[in-house]
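Report on the following structure.
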Amino acid sequence: MVWSVYVLVNWGLASVVVVEESSWGYEPLRGSANLVRGKRWVALSLLLCFQFLTAVLMNSRSALAGWLGGDGSSGWRGWAFVVQIVVTAALGMWLMLHSIAANTVFYIYCKAMHGELALEIAHGEYISLPLDDEKPLHLASVIQTR
């Protein structure tokens, strides 16, 4: 149990590393473990938060069906079952999208903390998009603390 949590924490950013750095195989796993180094408590809290919310969502399915008045005897044909599936799927998708966004922000944060983001900004790998032409552009500076 402890070993699996350790692996999940170290490899939590592997999916973001695969997309962002276009690597495959063991390289994203090593990259994720290197990025998470020093911020394992943050990675653990993200993992526990989203796993807890997923568990609450999955356990609340039956409570939702009971609240809607479904007794379970009609099976697939009951309207309560359909509403339960639609609500659970919508909330599950919302939770999954927020988890992906949180992992991506955590990836950028870890890159900045390890000093890798400043190099990518300097080499022009990150560009600013003109979202509002009337407002002046602001440059972000990365400050590395030790």
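The values are calculated or read from the model by the stated rules, or taken from the named source; none is laboratory data. These numbers come from a predicted model, not from an experiment. Every residue, glycine among them, receives a Cβ derived from its backbone with ideal geometry; neighbour counts consider all protein chains shown.
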It is to be established whether one or more residues within the stretch 59-67 are at pLDDT below 65, over 29 Å from VAL5 (Cβ atoms), assigned to a helix (DSSP H, G or I) and not aliphatic (A, V, I, L, M).
yes
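I want to confirm something. Restricting to the stretch 98-123 and keeping residues that are assigned to a helix (DSSP H, G or I) and small (Gly, Ala, Ser), which single residue is modelled with the lowest pLDDT? Before you say what the answer is, go through the steps one by one.
Our first condition is that a residue be assigned to a helix (DSSP H, G or I); within the stretch 98-123, this holds for 98-113, 116-122.
Going one step further and asking which of them are small (Gly, Ala, Ser), we end up with 99, 101-102, 112, 118, 122.
On the way: SER99: 92, ALA101: 92, ALA102: 92, ALA112: 84, ALA118: 70, ALA122: 61.
The qualifying residue modelled with the lowest pLDDT is ALA122.
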Exactly one condition in (1) part of a helix (DSSP H, G or I); (2) surrounded by 14 or more Cβ atoms within 10 Å (Cβ to Cβ); (3) at pLDDT below 90 is false for LEU95; which is it?
(3)
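Here's the yes/no breakdown for (1) touching a strand residue (DSSP E or B) at 6+ places or on another chain (Cβ under 7 Å); (2) over 20 Å from SER99 (Cα atoms); (3) at pLDDT 90 or above; (4) in a helix (DSSP H, G or I):
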position	(1), (2), (3), (4)
TRP24	no, yes, no, no
ALA33	no, no, no, yes
GLY38	no, yes, no, no
VAL42	no, no, yes, yes
SER45	no, no, yes, yes
PHE52	no, no, yes, yes
GLY69	no, yes, no, no
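If you go through the stretch 1-46 one residue at a time, how many are among the polar types (S, T, N, Q) and in contact (Cβ under 8 Å) with a residue 40 or more places away in the chain? Talk me through it step by step, then tell me what you get.
We begin by selecting, within the stretch 1-46, every residue among the polar types (S, T, N, Q); these are 4, 10, 15, 22-23, 32, 34, 45.
Add one more test, that the residue is in contact (Cβ under 8 Å) with a residue 40 or more places away in the chain, and what stays is 15, 34.
Summing the residues that are among the polar types (S, T, N, Q) and in contact (Cβ under 8 Å) with a residue 40 or more places away in the chain in the stretch 1-46 gives 2.
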